[in-house]
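Step one of this worksheet: look at the structure below.
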């Protein structure tokens with residue numbers, strides 16, 4: 001049993017080395033695209049909170065959902081609550097060009 005443990009060590013070190021090299025190469029490829037600049041989005045992001053009503057066990061229930069969607073309206077800084085914030089447009093009209 002001890003003999004198998006000794007044989008696994010070089011294999012584990014080889015696998016660790018391979019994953020380390022692949023990780024470094026992956027990071028190098030990601031960083032090579034960073035010099036091209038940040039692409040501009042094709043649209044901005046709209047945000048709405050909706051209360052959906054549905055029947056359950058003979059009573060009307062309500063489910064609150066948040067929806068993000070494309071819009072042409074310019075975004076503003078928005079705090080979702082706590083430390084979470086983003087650049088969105090609240091209750092804007094959806095971006096309809098090219099849509100269904």
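Answer rounded, prolate or oblate for the stretch 44-90, using the Cα gyration tensor with square roots of eigenvalues a ≥ b ≥ c: rounded when a/c is under 1.5, else prolate when a/b is larger than b/c, else oblate. In terms of gyration-tensor shape, oblate. Applying 0.36 nm per residue to the separation of residue 59 and residue 11 and subtracting their alpha-carbon distance, the gain on full extension is 11.1 nm. In terms of surrounding Cβ atoms within a 10 Å radius of their Cβ, 45, 90 rank from fewest to most as 90, 45. Packing-based ranking of 71-78, 59-66 yields 71-78, 59-66, ordered from highest to lowest mean Cβ neighbour count within 10 Å.
No value in this document is a laboratory result; all are computed from the given coordinates. If you're wondering where the values come from, they're calculated on a predicted model, not measured in any experiment. Quick reminder, even Gly has a Cβ in these numbers, built from the backbone with ideal geometry, and neighbours come from all protein chains shown.
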